[in-house]
Amino acid sequence: DRPVVAYLAPRAAYAPLASPQDRLVELLDRLSIEVTDVVARDDDPGTARRLVAYWRARDRFVATGRGVRPTADVSAMLAQVREPLPSILRIGPDSRPAYDPLLRMTTSPARDDPTRARDLLDQLDRLQPSRPDASLAREALDRRRP
């Protein structure tokens, strides 16, 4: 039904003019969603504030991710994200995309540098105290302590 789309689809998929990160940023820039499009006006005002904070954190997360160079070396990856991801959590404390990678990366430094891992877990616990994950990981790390 759409010969132009069918003809151009492989080029868009296999030889795109922009990287996936650039296309995502362009899409987010074009979207115009208001809080009232998602949250009813008579809902809890805290919900609207949390949603706005989450969107701001998401935008910062995407922008930060554009500068991160993937590597299998967890210490090198942690060095790239150790500062920006907690700052994203300060913007939007509900941001799992910033919290979860930091939590997972604590297992590697824990073997090499348990003090650094504990510091990171303490920081995560302060930034998202409602999530038990960092406290549980710190307790597990403390049980392994000689």
Expressed in angstrom and rounded, the centroid-to-centroid distance over alpha carbons for the range 66-98 and the range 18-37 is 21 Å
hull vol. (C-alpha, convex hull) per residue for the range 18-133, Å³ -> 100 Å³
Taking Cα atoms only, helix 114-127 is inclined relative to the longest principal axis of the chain by an angle, in degrees rounded to 10, of 60 degrees
The relative contact order of the chain, taking Cα pairs under 8 Å that sit 6 or more residues apart, comes to a percentage of 16 percent
Only helices counted: for the chain, with every DSSP H run of 4 or more residues adding -39500 (n - 2.57) and the sum spread over all residues, [θ] at 222 nm is -22500 deg cm²/dmol
When every protein chain stays in place and a 1.4 Å probe is rolled, 14, 7, 54 sorted by accessible area with the largest first are 14, 7, 54
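The values are calculated or read from the model by the stated rules, or taken from the named source; none is laboratory data. Computed from a predicted model, the values in this text were never measured in an experiment. For accessibility, only protein heavy atoms count, side chains too; no ligands or nucleic acids. Shrake-Rupley method; radii C 1.70, N 1.55, O 1.52, S 1.80 Å.
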